[in-house]
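Written below as structure tokens is the structure these notes are about.
The values are calculated or read from the model by the stated rules, or taken from the named source; none is laboratory data. Worth saying up front: this structure is predicted, and the values here are computed from it rather than measured. Positions of Cβ are backbone-derived with ideal geometry, glycine not excepted, and every protein chain shown enters the neighbour counts.
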Amino acid sequence: MSFFRRKAKESSLNASSDSVECASVSSKSTSTSGISAKPGLIKRHVPFEEPLNPIKPPSFDLTPEQEQKYKQVLEYFQDYATQEIPVNDSSGAPKHAMTEEEKAWLTKECFLRYLRASKWKVDNCIKRIKETLIWRRTFGIVNIPGHTDETKLITPQLVEIENETGKNLIVGYDIDNRPCLYLRNGYQNTSASIRQVQHLVFMLERVIQYMPPGQDTLALLIDFKAAPAHLNLSFKFPSLGICKQVLHILQNHYPERLGRGLFTNIPWIGYTFFKMVGPFIDPYTKSKTIYDQPFENFVPKEHLDKEFNGILDFEYIHDVYWKEMNAIGDKKRAVFMTNYEKLGGGIGLSEYDLRREHVST
């Protein structure tokens, strides 16, 4: 995250997610950091595919009462998944059967996340999951054949322009194997619009795909440091309207997904901004946020950029990063769906089994 390089359309670079040494690029580059390269740094241009620490199976530790409530939710959606549901949230919308992708989304961990977020109230949990299923169709995350407007489907092509400056990055894993999603407010390159929200949702969906078996939360690292002046990028906080929309999406449709939220380089006006949006943030989200503590306390140095006292020398080259980041996500998603088929499909499978590289039938 120490560097930014514009699109290198004429570059010849053979980047691989499995190697940390990358070839040079014959194009103009612009450094965003005064930190010079030091011996022992690990040069990298693409995301990591796996965490450093060993993978551990999940431990659910449910009480008998919680287990019974989970079974109620599971049984409800085993029946619900056989029905046709609205293709969007408009009144009188046509209905369509659930896709295999939607059924695969209804995992054991998914039900437990919504149960916890609903304070173990079964009816509220069911209501929220049903609302999210329709929202995912409406917002363009799920493609319903013959019904979804393909121009509004959230794809890498739709949101790519939003990430040309590397303002959102998936790089590395924290000490608890959570994939790290960086939001860099100083690298804003577009005006406020629905596409900014679509971009963030796209990156959330991607970082979820990067989660290893046994981990179902992410680490959100928000850096308010301004980009160097010569990059001519804006530094401004998102509008209150955009923030409210994003918070609504996160809290209603991605409950219990935030494992850790780290904020650094906060300007004085940032605390005023937090006071403005504070009333819209739920207690769970607030409990996961940490302000102005070193990232190195939470992320292994091998997966942390030198700018934050790690040993990673990360350089953002848009054409290289964007292609590889999406390729890795697509590969992990393919593993997820292949395992779903191997395990017989259905509702309530464990994400631990669905994310594993090798699953026996």
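Going through (1) farther than 23 Å from K43 by Cβ; (2) touching a Ser or Thr at 6+ places or on another chain (Cβ under 9 Å) one by one, Y284 falls short only on (2). For S59, the conditions (1) over 28 Å from E357 (Cβ atoms); (2) surrounded by fewer than 14 Cβ atoms within 10 Å (Cβ to Cβ) are fulfilled apart from (1).
Yes/no per residue for (1) crowded, with 18+ Cβ neighbours inside 10 Å; (2) assigned to a helix (DSSP H, G or I); (3) touching a strand residue (DSSP E or B) at 6+ places or on another chain (Cβ under 7 Å):
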| site | (1), (2), (3) |
| --- | --- |
| G146 | no, no, no |
| I154 | yes, no, no |
| I161 | no, yes, no |
| G166 | yes, no, yes |
| N177 | yes, no, no |
| C180 | yes, no, yes |
| R184 | yes, no, yes |
| S191 | no, no, no |
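None of E100, E131, E84 is surrounded by fewer than 14 Cβ atoms within 10 Å (Cβ to Cβ) and touching a strand residue (DSSP E or B) at 6+ places or on another chain (Cβ under 8 Å) except E84. Residues in segment 196-226 that are part of a helix (DSSP H, G or I) and aromatic (F, W, Y): F202 alone.
As a summary of the residue check, D292 satisfies the conditions (1) within 27 Å of K103 (Cα to Cα); (2) loosely packed, with under 15 Cβ neighbours inside 10 Å; (3) among the charged types (D, E, K, R) except for the one numbered (1).
A single member of Y80, Y114, Y76 is hydroxyl-bearing (S, T, Y), touching a Cys at 6+ places or on another chain (Cβ under 6 Å) and either in contact (Cβ under 8 Å) with a residue 40 or more places away in the chain or not assigned by TED's automatic domain parsing to the domain that holds E341 (or both), and it is Y114. Among the conditions (1) modelled with pLDDT of 90 or more; (2) touching a Lys or Arg at 6+ places or on another chain (Cβ under 8 Å), the only one that L200 does not satisfy is (2). Flag set for E65, criterion: assigned to a helix (DSSP H, G or I), over 24 Å from the mean Cα position of the chain (by Cα), farther than 13 Å from G348 by Cα and among the acidic types (D, E).
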